[in-house]
Amino acid sequence: MSSINVTAVSHNEQHPIDSFFHPNSMPSVWCPGCGIGTIVYTYVQAVKEMNVEPDKICVVSGIGCTGKIAEYLNFGSHEITDGNVIAYAANLAAKKQYMKVTLFTNNADFLVSSAKDFLEIGKTMANLLVIHNNNIIYCITENGAIPTTPFIRTSASNDFELPFNIPHLAKSSGAEYVARWTPLHAGWLKYSIIDALSKQALSVIEVVSPCVMFFTFTNKIGDAADQLRFYRDNSVMKQYEPTEHLDLRSKREVIIGKFVDKKEF
Amino acid sequence: MTSLQAAFDADKIEIPLGQVHIVRDRCKGCGYCIKYCPREVLEVSEKPNDKGYYFPRVKDEDTCLNCGLCELICPEFAIWSTLTRYVKPKLIKEMVNESF
């Protein structure tokens, strides 16, 4: 019974998903407790469960903290400049070179720089999976307000606009699969990614994830684990909720679940 | 005293035991694995690692059930568990006999 001695484990051991990263890319640049790490882990697990060859999956990402994902992952990876991410990924998907093109976005390159491209790609039936990391703040430029920042819950400068509703945008521009999760619902997130990867249409998954350094400390929520627990306690699962009700208002729960799945109807 | 009755499939049930692996120098000390472990296997170490973060270490050796939650929520890919062996569960009768 005393064969388990963890303090004696050597440091050269390989994590089970280390083979999916570029060599020597870890440790990452993300802050302690960042939600992006969980998103990357669940995405790799989903690809592992589907038994797809890594050459047939393409990962595109843009700027900021989320842009580092394409730098680390050892699939066909493209890291694109600001403002061209969605157009580039849609053109890459139209070539049909890969089985599925996955686009990791954050608020800066999805909503601010290239939202008009997103309105186009639903009509052109792009075979694209968009995983949107919504941490409701600008991270690298140190907590500025963005279109999804809730009303009273402030960034460094007070926000005076109503928050933007990403699932409603995705549904109205023609996405066939729309879901929203938090990093602590990682099991649901994994099966959601598997569902979306097996579809031949535009699908959008939004992940409401903690920004530890700039959102949690500014709003005095606590540390990283406290904000993750905050999202879990305040989230309610409502499957097929009408997407008009899904904006992130403060003093209201975060509605998670699968909202649009067109093949079932 | 129906609680003393053994379950019908008590001889078929086997409990998995896991071993936790930690890459010490990759950890950034966010504390997710320590706070969210359902069996409370981990605790904060006394000495920091080379970067200066307090990494997790195992408190109770034989309590890990290889559920994989620490591996799922670790943002730094620094912790995972592997299955070591299966053990038979203790029957309620034996637990009562031990307590008296």
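With an 8 Å cut-off on Cα pairs and a minimum separation of 6 or more residues, tell me the relative contact order of region A:34-264 in percent.
Averaging sequence separation for qualifying contacts and normalising by length gives 19 percent for region A:34-264.
Among A:GLU13, A:GLU49, A:GLU241, which one shows the biggest mean-square fluctuation in a GNM of chain A, springs joining Cα atoms closer than 10 Å?
Sorting by GNM fluctuation, first place goes to A:GLU13.
Counting Lys +1, Arg +1, Asp -1, Glu -1, what net charge surrounds B:GLU43 among other residues with beta carbon under 10 Å of its beta carbon?
-1
Looking at the protein assembly as shown only, what percent of DSSP beta bridges run antiparallel? Nearest 5 please.
The antiparallel fraction comes to roughly 35 percent.
If eta is 1.306 mPa s and T is 10 °C, what Stokes-Einstein diffusion coefficient results for region B:15-95, Kirkwood Rh from Cα pairs, in µm²/s?
Value of D from the Cα-based Kirkwood radius: 119 µm²/s.
Filter A:LYS68/A:LYS171; A:LYS68/B:LYS51; A:LYS190/A:LYS238; A:LYS96/A:LYS263; A:LYS220/B:LYS35; A:LYS123/A:LYS263 down to the pairs with a C-alpha to C-alpha distance above 26 Å, please.
Exceeds cut-off: A:LYS68/A:LYS171.
List the aspartates and glutamates whose alpha-carbon lies under 16 Å from that of B:LYS59, not counting same-chain residues fewer than 8 positions away?
Straight-distance partners of B:LYS59: B:GLU40, B:GLU43, B:GLU46.
Please give the FRET efficiency for B:TYR86 paired with A:LEU119, using the beta carbon to beta carbon distance and R0 = 51 Å, rounded to the nearest 0.05.
That gives a FRET efficiency of 0.40.
Where a ≥ b ≥ c are the square roots of the eigenvalues of the C-alpha gyration tensor, would you call the protein assembly as shown rounded, which needs a/c under 1.5, or, failing that, prolate if a/b is larger than b/c, or oblate?
Prolate.
GNM, chain A, Cα, under 10 Å: largest mean-square fluctuation among A:MET26, A:MET237, A:MET213?
Of A:MET26, A:MET237, A:MET213, the most mobile in the Gaussian network model is A:MET26.
Please go through region B:1-71 and write out the chymotrypsin sites (Phe, Trp or Tyr not before Pro) that DSSP classes as loop and that have at most 14 other C-beta atoms within 10 Å.
Loop-located and lightly packed - B:PHE8.
What's the exposure ranking of B:GLU43, A:GLU176, B:GLU76, A:GLU53, going from fewest to most Cβ atoms within 10 Å?
Listing B:GLU43, A:GLU176, B:GLU76, A:GLU53 from fewest to most nearby Cβ atoms yields A:GLU53, B:GLU43, A:GLU176, B:GLU76.
Would you calculate, for chain A, the mean residue ellipticity at 222 nm contributed by helices, counting each DSSP H stretch of 4 or more residues as -39,500 (n - 2.57) and dividing by all residues, to the nearest 500?
-7000 deg cm²/dmol, from helical runs alone.
Relative to the present Cα-Cα distance, how much length would full extension add between A:GLU71 and A:THR141 at 0.36 nm per residue of separation?
23.1 nm
Here, each number is a calculation from the coordinates, and none is a lab measurement. Keep in mind it's a predicted model, so treat the numbers as computed, not measured. We place every Cβ from the backbone using ideal geometry, glycine too, and count neighbours over all the protein chains shown.
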